[in-house]
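> Got a structure for you, questions after.
The values are calculated or read from the model by the stated rules, or taken from the named source; none is laboratory data. None of these values were measured; they are calculated from a predicted model. A quick note on method: Cβ atoms are made from the backbone with ideal geometry, for glycine too, and the neighbour counts reach across all protein chains shown.
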Ligand code: SER
């Protein structure tokens with residue numbers, strides 16, 4: 001086990017720290033990171049991680065990202081090199097308890113940023129914080145405006161209508177603040193004009209809806225696509241909560257994980273912005289239903305829009321301009337929606353549910 005000398009003379013073990021590790025993204029990320037020659041993975045979640053995931057981590061802890069003391073205690077043993085801060089309350093669930101969501105999504109993020117700043121300062125080396133933001137950071141006033149605008153770049157139409165979207169957008173700004181301006185008036189501030197000198201190296205991807213063959217999301221509003229597909233694979237009927245013409249961007253989970261790691265690995269000097277859109281395709285809910293039926297001809301899919309969840313989907317963009325991610329760090333979608341079904345989703349999902357029968 002490699003140990004490094006801290007400026008305080010302590011010997012601490014270098015680590016990659018992951019919050020919300022038991023969620024959908026955590027599953028894929030831990031698996032991908034454990035195959036790399038990166039430092040040990042230290043993972044936290046509110047609930048116990050599955051055995052298979054635990055085995056890939058050097059240490060796992062039950063911890064709430066809102067509990068700063070608990071985080072300090074568990075991280076006292078480590079030199080945190082990188083943080084993937086995945087813990088969040090997603091958009092649908094957040095509307096049921098907005099203040100709780102704010103507590104987790106914002107205060108939890110401030111805790112993480114502060115830990116990164118303190119560790120970065122202590123070791124004289126910036127701590128990389130990789131933060132998943134979301135298409136929920138956008139907000140259109142009307143469906144007509146959304147349709148007319150089409151693909152959006154990162155800094156337009158950011159007027160979110162959900163607590164989750166507000167939280168994500170604000171945390172993007174907080175990340176920028178910790179990276180470039182944290183304690184800017186303090187005498188001992190280590191910030192400067194040189195963006196490479198900060199103590200926090202904050203990088204953010206705005207995820208579209210994510211579709212995994214392994215897991216089904218909970219509490220999100222883009223969940224209609226993964227729910228539809230998984231229901232069909234299980235042989236269950238599915239009632240979709242949005243209209244057939246609802247269109248937002250999506251990508252598969254492995255693509256999202258690859259892109260996240262690609263951004264994390266990009267040389268700092270190549271990054272011209274803090275926040276990057278990523279997405280692979282943007283089928284309508286009706287087009288997804290047609291594809292699902294091609295592979296699962298007996299699938300029963302009906303559409304019974306829930307007006308309020310529909311309004312959230314209608315406020316999100318129908319397409320993302322991902323050219324900054326492409327130009328700065330080489331992001332390229334791996335799949336079209338047809339390829340995603342054919343090469344990843346259907347084969348994996350079928351196998352998964354067969355093995356459960
Ligand atoms: N999947 C998220 C949600 O639906 C959006 O990023 O809340």
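> When the residues of the stretch 266-292 are narrowed to those that are assigned to a helix (DSSP H, G or I) and touching a residue at least 60 places away in the same chain (Cβ under 8 Å), which ends up surrounded by the fewest Cβ atoms within 10 Å (Cβ to Cβ)? It would help to see each step written out before you state the result.
Kept after step one, since they are assigned to a helix (DSSP H, G or I), are these residues of the stretch 266-292: 268-270, 285-292.
When the remaining residues are screened for being touching a residue at least 60 places away in the same chain (Cβ under 8 Å), the result is 268-269, 285, 288-289, 292.
On the way: 268: 12, 269: 8, 285: 22, 288: 25, 289: 22, 292: 23.
Out of the qualifying residues, it is 269.
> State the number of residues belonging to the stretch 64-81 that are modelled with pLDDT of 95 or more and in a loop (DSSP other than H, G, I, E, B).
Result for the stretch 64-81: 4.
> Looking at this structure, is residue 43 farther than 19 Å from residue 257 by Cβ, surrounded by 17 or more Cβ atoms within 10 Å (Cβ to Cβ) and either within 20 Å of the chain's Cα centre (by Cα) or touching a residue at least 60 places away in the same chain (Cβ under 8 Å) (or both)? It would help to see each step written out before you state the result.
Values: farther than 19 Å from residue 257 by Cβ: no; surrounded by 17 or more Cβ atoms within 10 Å (Cβ to Cβ): yes; either within 20 Å of the chain's Cα centre (by Cα) or touching a residue at least 60 places away in the same chain (Cβ under 8 Å) (or both): yes.
No.
> Within the stretch 70-85, does at least one residue satisfy the condition of being closer than 27 Å to residue 258 by Cβ, over 19 Å from the mean Cα position of the chain (by Cα) and crowded, with 22+ Cβ neighbours inside 10 Å?
Yes, because at least one residue in the stretch 70-85 is closer than 27 Å to residue 258 by Cβ, over 19 Å from the mean Cα position of the chain (by Cα) and crowded, with 22+ Cβ neighbours inside 10 Å.
> Got at least one residue in the stretch 298-321 being more than 23 Å from residue 229 (Cα to Cα) and more than 17 Å from the chain's Cα centre (by Cα)?
Yes: one or more hits.
> Would you pick out the residues in the stretch 300-357 that are touching a strand residue (DSSP E or B) at 6+ places or on another chain (Cβ under 6 Å) and at positive phi?
Within the stretch 300-357, none qualify.
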